[in-house]
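Scroll down for the structure; my scribbles are underneath it.
The values are calculated or read from the model by the stated rules, or taken from the named source; none is laboratory data. Computed from a prediction, not measured in an experiment: that's the story for all the values here. In this analysis, Cβ positions are derived from the backbone assuming ideal geometry, glycine residues included, and neighbour counts consider all displayed protein chains.
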Amino acid sequence: MFLIYADAVQLTRTLFYIRGEPKRHAMQHFPIFMAVAGRRIVLSGGGDAALAKLRLLLKTEANVTVFAADPAPEIQTWAQQDRLTLHPRGMEPGDAMCAVLFYAANEDATEDARVADIAHRDGARVNIVDNLSDSQFITPAIVDRDPVVVAIGTEGAAPVLARAIKRDLEEKLPAQLGTLARIGKTFRRAVEVLPFGKARRDFWAEYYFDHGPKSLELGEDAVIPALEDHLANTLNKSEEVGHVDLVGAGPGDPDLLTLKARKALDKADVVIHDRLVPHTILELARREATIIDAGKTGFGPSTPQGDIDALIVEHARAGAHVVRLKAGDATVFGRLDEELDAIAAAGVSYTIIPGITAASAAVATIGQSLTKRGRNSAVRLITGHDTKGYADQDWRALATPGEVAAIYMGRTAARYIQGRLTMHGADPATPVTIVEHASQPGQRIHTATLGTLSDTMAGVTGPALTLYGLAPRAALDAVETLPLQEVAQ
Ligand code: SAH
């Protein structure tokens, strides 16, 4: 129930403000819904506190037993109607035998302590009305829209607040919600013709808050025909088109995601991700989202680009909010344009959300800049490979002293790159740093020179970014302590 969820978020905030500190806290009570049909619940007391609890308990299918020497007239009536069993006397040992729950509601601390002790010995879970510290469980404020039940608890801290929230929810949730939910349940299968995700959610939202209540005014028999009409209209409606966010997931550390990326993941119906995106980031997607690994599973070792394009378009056409999640920045060696062409050709709207590219993450680990005044006024982002094999580059320009390049996908091409640059006159002593798993738990920095590049690369197994022309800052400091004369030579 999305509406309830939205309210819950607000409630949590309200509670945080009341506590005066917006931080996470551990629950002292764990909310559960307990099976009580046909089980025994015992209550001791016959006054107002007992009546308040009994009104709730009589909504259940439990066998309720009351012990009260002086029971209020309502309790006697309920007993005559067989809605509960009444023993007009005080409690004695054994009276709470086999009870799942026990309420001490005598409004008298001494008597409550005595009966609670009996109930404990009889093996029941005990609640003492208005005595939080001696109670084993507490009863929440309840909004009952059977079969939808909302339980509100404040850990005993603010019953007034719980009641205010209950009133608020009662106003928000139409009284017929229960009836609508019961009828809706019988129609769930039929709605499976709609695509999973947004289309189905929208269908049910309109049912609960618009078509449903309207048709119910004509009587319960009018609801199913109204649902059938609503479904037919939804299917006929010009196909609802979704949206695609092409999101840069950054180098792997979830903290390096942009806020926009987080928001997109929060809204996603479908997430289609690359092999390089770690699960710690995928876990941030909306819980109901379908996660599709376009890097491997189901498609063999590497999914053909055409299949990925088709997958994105298929889900968006079905009305889904698709997040295409790519490592680093989607615009850097991400085959973004092919996906954009497919999305645009399908008439689907899209947004590109930038991410931190591997070069930025890698260079940050070695305390260097990608560009530096007096050293290099340009930096090249190059790839070791392209679709045709090892990628050709302007090797002559790169071989010039002071050049810097960030080399993506440079692992298997290391020997080739080393050979090309050396052949074009690059100094074998040119510093090279390989950053493996940048920003991720297995991060490693390998320092090398152009002359040792391929040997060093042999020890690298994870995703790695090669920084050509850059050494880690600490090593540079050592160089700079040499007499200037020597550095210049
Ligand atoms: N769009 C991505 C690059 C995709 S190409 C980006 O902007 O970063 C894949 C290559 O990126 C890998 O072969 C590797 O060279 C590099 N890469 C991606 N993530 C990396 C990481 N966490 N550490 C080092 N290199 C990484």
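Things worth noting here:
- Single residue of LEU216, LEU194 found to be touching a residue at least 12 places away in the same chain (Cβ under 8 Å), in contact with a Phe, Trp or Tyr (Cβ under 7 Å, 6 or more places away or on another chain) and either closer than 26 Å to ASP144 by Cβ or crowded, with 17+ Cβ neighbours inside 10 Å (or both): LEU194
- Scanning segment 380-391 for residues that are more than 10 Å from the ligand (Cβ to nearest atom) and closer than 22 Å to THR357 by Cβ, we see that the one that is modelled with the lowest pLDDT is THR387.
- So ARG375, is it farther than 30 Å from ALA285 by Cα, within 13 Å of the ligand (Cβ to nearest atom) and not assigned by TED's automatic domain parsing to the domain that holds THR290: no
- Boolean, THR447 is assigned to a strand (DSSP E or B), away from the ligand (no atom under 14 Å from the Cβ) and touching a residue at least 12 places away in the same chain (Cβ under 8 Å): yes
- The lone exception for ALA316 - which of (1) modelled with pLDDT of 95 or more; (2) of a type in the set (Gly, Ala, Ser); (3) in a helix (DSSP H, G or I) it fails: (1)
- Subset of segment 319-333 (residues that are outside any strand (DSSP E or B) and under 25 Å from the mean Cα position of the chain (by Cα)): GLY319, ALA320, ALA327, ASP329, ALA330
- Matching entry among GLY90, GLY38, GLY123, GLY94 (being farther than 28 Å from ASP144 by Cβ and loosely packed, with under 11 Cβ neighbours inside 10 Å): GLY94
- Residue-level check: of (1) surrounded by fewer than 16 Cβ atoms within 10 Å (Cβ to Cβ); (2) under 22 Å from ASP229 (Cβ atoms), ILE183 misses just (1).
- Scope segment 414-444; condition among the polar types (S, T, N, Q) and either within 11 Å of the ligand (Cβ to nearest atom) or outside any loop (DSSP other than H, G, I, E, B) (or both); matching residues: GLN418, THR422, THR433, SER439, GLN440, GLN443
- Of all residues in segment 312-360 being hydroxyl-bearing (Ser, Thr, Tyr) and more than 9 Å from the ligand (Cβ to nearest atom), the one that is farthest from ASN236 (Cα to Cα): THR351
- Filter result for the condition that a residue is among the hydrophobic types (A, V, I, L, M, F, W, C) and assigned to a strand (DSSP E or B), over ILE272, ILE224: ILE272
- Residues that are touching a strand residue (DSSP E or B) at 6+ places or on another chain (Cβ under 9 Å) and touching a residue at least 40 places away in the same chain (Cβ under 8 Å) number at least 3 in the following strands (runs of 3 or more DSSP E) confined to segment 80-189: 99-104, 148-152.
- Counted residues, segment 229-278 - those being more than 16 Å from the ligand (Cβ to nearest atom), in contact (Cβ under 8 Å) with a residue 40 or more places away in the chain and either aliphatic (A, V, I, L, M) or in contact with an Asp or Glu (Cβ under 7 Å, 6 or more places away or on another chain) (or both): 9
- First in segment 320-331 and closer than 18 Å to ASP253 by Cβ, second anywhere and of a type in the set (S, T, N, Q) and within 6 Å of the ligand (Cβ to nearest atom), Cβ under 7 Å, 6 or more apart: GLY328/THR357; ASP329/THR357
- Among the candidates ALA157, ALA162, ALA181, the residue that is assigned by TED's automatic domain parsing to the domain that holds TYR208, farther than 16 Å from GLY46 by Cβ and within 29 Å of the chain's Cα centre (by Cα) is uniquely ALA181.
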